[in-house]
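Coordinate-derived values only; no laboratory data. In this text the structure is predicted, and so the values were computed from the model without any measurement.
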């Protein structure tokens with residue numbers, strides 16, 4: 001099937017700056033043609049256009065990624081501030097069902113993939129990832145695929 005490059009807004013708040021909403025929306029609008037093209041190829045069961053995967057790409061995707069997940073990716077640094085309203089959005093956002101509400105506060109288990117949905121969807125910015133996420137923008141793609149690819 002291959003690979004299809006699509007430039008999307010950064011959302012890994014634990015390590016990188018996240019764009020403001022206006023910039024993120026522009027990046028997503030610019031990605032729509034690539035997404036539509038990829039969707040068409042998938043629907044037609046056609047391979048993606050050839051994209052050269054370099055040795056550096058393979059090292060980053062394989063070796064470095066494996067080390068990153070083994071030694072860096074953990075829920076231990078998630079913290080909940082006092083302004084948490086116990087809305088449960090972090091619980092429902094977690095794709096691995098790794099967050100539970102305990103005494104009206106989110107508690108993380110050991111199965112975190114660092115998607116940052118919990119931080120980004122918190123309506124009162126009550127979740128931080130140590131000091132890494134403090135004072136940084138939050139971004140979560142709220143577009144539905146049907147809104148982007150017609």
Considering the Cα trace of the chain, what is its radius of gyration and what is Dmax, both in angstroms? 17.6, 52
Largest first and in whole Å, give the semi-axes of the stretch 22-92's equivalent ellipsoid, each being the square root of 5 times a Cα gyration tensor eigenvalue. 34, 24, 13
Could you work out [θ]222 nm for the chain from helices alone, using -39500 (n - 2.57) per DSSP H run of at least four and dividing by all its residues? Round to the nearest 500 deg cm²/dmol. -9000 deg cm²/dmol
Rg over Rh [alpha-carbon atoms, Kirkwood Rh] for the stretch 52-137: 1.07
Using alpha carbons only, how many degrees (0 to 90, rounded to 10) separate the axis of helix 21-43 from the longest principal axis of the chain? 50 degrees
